[in-house]
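Participant: Take a look at this one; I'll ask things after.
The values are calculated or read from the model by the stated rules, or taken from the named source; none is laboratory data. For clarity, every value in this text was computed on a predicted model and none was experimentally measured. Cβ placement follows ideal geometry from the backbone for every residue including glycine, while neighbour counts extend to all protein chains displayed.
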């Protein structure tokens, strides 16, 4: 039988990232809390944390236990509310994994139709690498994964990739940087400082090939797994950066940059990956239909 007191201690440490901070909140000594964690790990027969400097970092197993703990304590809170006579409006959970290379603005716009369903939805979002999210999908810990590529071949995961839409790629720069780049697009990129997506991004390889085909040799000054961080550096004038063309207005408004040009030879594609061959989950269906009728209505091929 699982010791829920130990699970609560683990949950507190996982959220705090350190034994000392968690011990203060739990009104325990760090030594007592550390001992209880050790007993919990021994009972489970697994390691839940690894030490990184002064912080404790969750192992893969630790992240799995944390996801279960979050749901257990959420159900516990809902039960407490019900027993107090103040039941919350019942909402069905929609658990979505978002690959860390998917732009936050794209994820928000794709998921918005699910929150507009007549039946109330409680959206639960988790961001991680695609391979880890697909593992969660395989054991039904997630209802859907948003990604910029279909499910990789050869994975021992039952899942189906549902295309949501695609668009071209637009390049942006601060007004000052844009004014210093000679010529017109795309020749402006030759020799220009360029920020590019990390290796996990599906955009990385086609972007590199396009630059080679156009005989363009920009100076790569940064690589980023997080597209929001790349845009933040672009906003500071560190370099030109690419983004999906459907986000042009948002990018220009939020980051104070201007468009250098757009290419349709590079395509940004987005997918909803689920365990259903034919989408039946109402929220997944809302995301799929909303993408085709809204954001990508005139962009999909």
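Participant: Need the failing condition index for residue 15 against (1) at pLDDT below 85; (2) over 14 Å from residue 73 (Cβ atoms); (3) surrounded by 13 or more Cβ atoms within 10 Å (Cβ to Cβ), just the number.
Facilitator: Failing condition for residue 15: (2).
Participant: So in the range 204-222, with the set limited to residues that are in contact with a helix residue (DSSP H, G or I) (Cβ under 9 Å, 6 or more places away or on another chain) and outside any strand (DSSP E or B), which one is nearest to residue 98 (Cα to Cα)? Don't jump to the end; show me each part of the working.
Facilitator: Residues of the range 204-222 in contact with a helix residue (DSSP H, G or I) (Cβ under 9 Å, 6 or more places away or on another chain): 211, 214, 216-218, 221-222.
Checking the rest, the ones that are also outside any strand (DSSP E or B) come to 211, 214, 216-218.
Details: 211: 28, 214: 32, 216: 32, 217: 32, 218: 30 Å.
Top of the filtered list is 211.
Participant: Among 118, 182, 150, 163, which is the only one that is touching a residue at least 40 places away in the same chain (Cβ under 8 Å) and outside any strand (DSSP E or B)?
Facilitator: Just one listed residue meets the conditions, 150.
Participant: Quick check: anything in the range 255-263 under 30 Å from residue 95 (Cβ atoms), touching a residue at least 24 places away in the same chain (Cβ under 8 Å) and either part of a helix (DSSP H, G or I) or under 19 Å from the mean Cα position of the chain (by Cα) (or both)? Talk me through it step by step, then tell me what you get.
Facilitator: Going through the range 255-263, the residues under 30 Å from residue 95 (Cβ atoms) turn out to be none.
No: the range 255-263 contains no residue that is under 30 Å from residue 95 (Cβ atoms), touching a residue at least 24 places away in the same chain (Cβ under 8 Å) and either part of a helix (DSSP H, G or I) or under 19 Å from the mean Cα position of the chain (by Cα) (or both).
Participant: Also, I was wondering about something else. Consider residue 232 carefully, then state whether it is in contact with a strand residue (DSSP E or B) (Cβ under 7 Å, 6 or more places away or on another chain), outside the structural domain of residue 138 (by TED's automatic domain parsing) and outside any strand (DSSP E or B).
Facilitator: No.
Participant: Oh, and also: Across the range 237-250, what is the number of residues that are in contact (Cβ under 8 Å) with a residue 24 or more places away in the chain, closer than 15 Å to residue 168 by Cα and not in a strand (DSSP E or B)?
Facilitator: 4
Participant: Here is a check on your reading of the model: is residue 234 touching a residue at least 40 places away in the same chain (Cβ under 8 Å) and over 21 Å from residue 271 (Cβ atoms)? Spell out the reasoning first.
Facilitator: Values: touching a residue at least 40 places away in the same chain (Cβ under 8 Å): yes; over 21 Å from residue 271 (Cβ atoms): yes.
Here the answer is yes, as residue 234 does meet what is asked.
Participant: Also, I was wondering about something else. Can you name the residue in the range 233-249 that is surrounded by fewer than 18 Cβ atoms within 10 Å (Cβ to Cβ) and touching a helix residue (DSSP H, G or I) at 6+ places or on another chain (Cβ under 8 Å) and is also nearest to residue 187 (Cα to Cα) among such residues?
Facilitator: Going through the qualifying residues, I end up with 237.
Here's the yes/no breakdown for (1) modelled with pLDDT of 85 or more; (2) part of a helix (DSSP H, G or I):
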residue	(1), (2)
43	yes, yes
77	no, yes
95	yes, no
101	yes, no
112	yes, yes
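This table checks each residue for (1) within 24 Å of residue 137 (Cα to Cα); (2) surrounded by 15 or more Cβ atoms within 10 Å (Cβ to Cβ); (3) assigned by TED's automatic domain parsing to the domain that holds residue 142.
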position	(1), (2), (3)
11	yes, yes, no
20	no, no, no
38	no, no, no
46	yes, no, no
56	no, yes, no
63	yes, yes, no
69	yes, yes, no
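Participant: Sticking with this structure for a sec: So is residue 176 out of contact with any strand residue (DSSP E or B) (no Cβ under 8 Å at 6 or more places or on another chain), loosely packed, with under 14 Cβ neighbours inside 10 Å and in the same structural domain as residue 223 (by TED's automatic domain parsing) or not?
Facilitator: Details: out of contact with any strand residue (DSSP E or B) (no Cβ under 8 Å at 6 or more places or on another chain): yes; loosely packed, with under 14 Cβ neighbours inside 10 Å: yes; in the same structural domain as residue 223 (by TED's automatic domain parsing): yes.
Against the criterion (out of contact with any strand residue (DSSP E or B) (no Cβ under 8 Å at 6 or more places or on another chain), loosely packed, with under 14 Cβ neighbours inside 10 Å and in the same structural domain as residue 223 (by TED's automatic domain parsing)), residue 176 qualifies.
Participant: From 134, 117, 123, grab the single residue that is out of contact with any strand residue (DSSP E or B) (no Cβ under 8 Å at 6 or more places or on another chain) and in the same structural domain as residue 276 (by TED's automatic domain parsing).
Facilitator: Just one listed residue meets the conditions, 117.
Participant: Further question on the same structure: Please go through the range 1-12 and pick out each residue that is in a loop (DSSP other than H, G, I, E, B) and either farther than 16 Å from residue 72 by Cβ or touching a residue at least 12 places away in the same chain (Cβ under 8 Å) (or both). Spell out how you get there, then give the answer.
Facilitator: Filtering the range 1-12 down to residues in a loop (DSSP other than H, G, I, E, B) leaves 1-3.
Listed by number, the list holds a single entry, 3.
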